[in-house]
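Asks: Shown below is the structure under consideration.
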Amino acid sequence: MRTLIEALEQRVLLTDGAAARRLRAERLDPQHDFFGAEGLLPVLNLTRPELVRRTHEAYLEAGADVIRTNTLGASPLSLASHGFAGEAFFLNHAAAEIAAQAVDNLPGRGRRRFVLGVVRDDGWDVAPAEIEAAVTIQVEGLLSGGVDGITLDILPGAGRTPVFLRGARRAVESLGARAPIFLQRGPAGPDFSDLAKSRAEGVIRYRHGPVARARLLAAAIEDGGVNLVGGGDLPEDTARLDAQLRGLAEDDFRPYLPAARPSSPDEAETPSSVRAVALDPALAG
């Protein structure tokens, strides 16, 4: 069975664009849509689920392989200042369900698409035990809603990585889930320690994908510095990046990571490589 971790270990995938920016551009009512907490986008998972779903679908139609959940700011610690800490589980569960529905609604065009649950460190000034408990609640909501994996968007070297990993792992164990936990880092700055990496299923090497920096993207792909490319801002940007990645790929799908590159064109056509990794199971038969 093809999984998100297998895909990220072998290919450079394309994720959605600036969904939050797109949502903020909509005409939204502060009281009806945000329950008075204007700008708190995770609330839209409950009040305007169809809007969030259509936003996800726009990026899928443009060629995204991965949809990230609308959960930036959806930690109980971030929601507390708006009086929504008690709704954290439900907001994250709804976000995962909406993203999964969007993926289910659209054909994969010869590939399987994935939902990545996003847990971000917003720099809260609280005790580590509180952070760990908050991460557990958020990850439990995302897992119960059906994500294919969890990404912990935290700064390497800040000292919070073990706390986030413990909270996420507790959620996985409490639900008996199989979804992988990823650490996420950008193209610059410190890397995660070997110990931290050993406690996660993988590392997402994320790079924002502005179309104008095609040469930088190609270089990062060549040296293995990226395995997940951000889809720009608008769906139109995502569509152009989809075309760029296909142009850089060995098989007109997605570029292989260096360690997974086939040694010959014939090897790239075998069922054990491209077809097992690139095709949607429903189309692979």
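The values are calculated or read from the model by the stated rules, or taken from the named source; none is laboratory data. The structure presented is a predicted model; accordingly, all values stated were derived computationally and were not measured. Ideal geometry is used to build each Cβ from the backbone, glycine not excepted, and the neighbour counts take in all protein chains shown.
Asks: Residues in the range 219-252 that are aliphatic (A, V, I, L, M), in contact with a Leu (Cβ under 9 Å, 6 or more places away or on another chain) and surrounded by fewer than 23 Cβ atoms within 10 Å (Cβ to Cβ): how many?
Replies: 1
Asks: Further question on the same structure: Name the residue, out of Ala158, Ala100, that is buried (at least 16 other Cβ atoms within 10 Å of the Cβ) and either in a loop (DSSP other than H, G, I, E, B) or among the hydrophobic types (A, V, I, L, M, F, W, C) (or both).
Replies: Ala100
Asks: Only one of Gly176, Gly230, Gly247 is modelled with pLDDT of 90 or more, over 23 Å from Arg160 (Cα atoms), in contact with a strand residue (DSSP E or B) (Cβ under 8 Å, 6 or more places away or on another chain) and small (Gly, Ala, Ser). Can you tell me which?
Replies: Answer to the check: Gly230.
Asks: Can you report the number of residues in the range 109-120 which are at pLDDT below 95 and either touching a Pro at 6+ places or on another chain (Cβ under 9 Å) or under 17 Å from Tyr206 (Cβ atoms) (or both)?
Replies: 1
Asks: Which pairs have Cβ atoms under 6 Å, sit 6 or more apart or on different chains, and link a residue in the range 168-194 that is farther than 23 Å from Thr3 by Cα and of a type outside the set (Phe, Trp, Tyr) to one that is at pLDDT below 95 and surrounded by 12 or more Cβ atoms within 10 Å (Cβ to Cβ)?
Replies: If the second residue must be at pLDDT below 95 and surrounded by 12 or more Cβ atoms within 10 Å (Cβ to Cβ), the pairs left are Pro187/Arg207; Pro190/Pro156; Pro190/Gly157; Asp191/Pro156.
Asks: Based on what the data block shows, is Val135 surrounded by 19 or more Cβ atoms within 10 Å (Cβ to Cβ), without any contact (Cβ under 8 Å) to a residue 40 or more places away in the chain and in a helix (DSSP H, G or I)?
Replies: Taking the combined requirement at face value, the residue does not satisfy it.
Asks: Here's a follow-up. Quick check on Pro187: is it farther than 27 Å from Ile98 by Cβ, of a type outside the set (Gly, Ala, Ser), surrounded by fewer than 17 Cβ atoms within 10 Å (Cβ to Cβ) and at pLDDT 95 or above?
Replies: So Pro187 does not fit the description; no.
Asks: Moving to a separate point now. Being part of a helix (DSSP H, G or I), surrounded by 15 or more Cβ atoms within 10 Å (Cβ to Cβ) and of a type in the set (A, V, I, L, M, F, W, C): is that true of Val115 here?
Replies: no
Asks: Select the helices (runs of 4 or more DSSP H) contained entirely in the range 7-86, then report the ones holding at least 1 residues which are among the β-branched types (Val, Ile, Thr), at pLDDT 95 or above and closer than 20 Å to Ile98 by Cβ.
Replies: It comes to 49-62.
Asks: Suppose the filter is part of a helix (DSSP H, G or I), under 23 Å from Val118 (Cβ atoms) and without any contact (Cβ under 8 Å) to a residue 60 or more places away in the chain; does Ala239 pass it?
Replies: No; evaluated as a whole, the condition is false for this residue.
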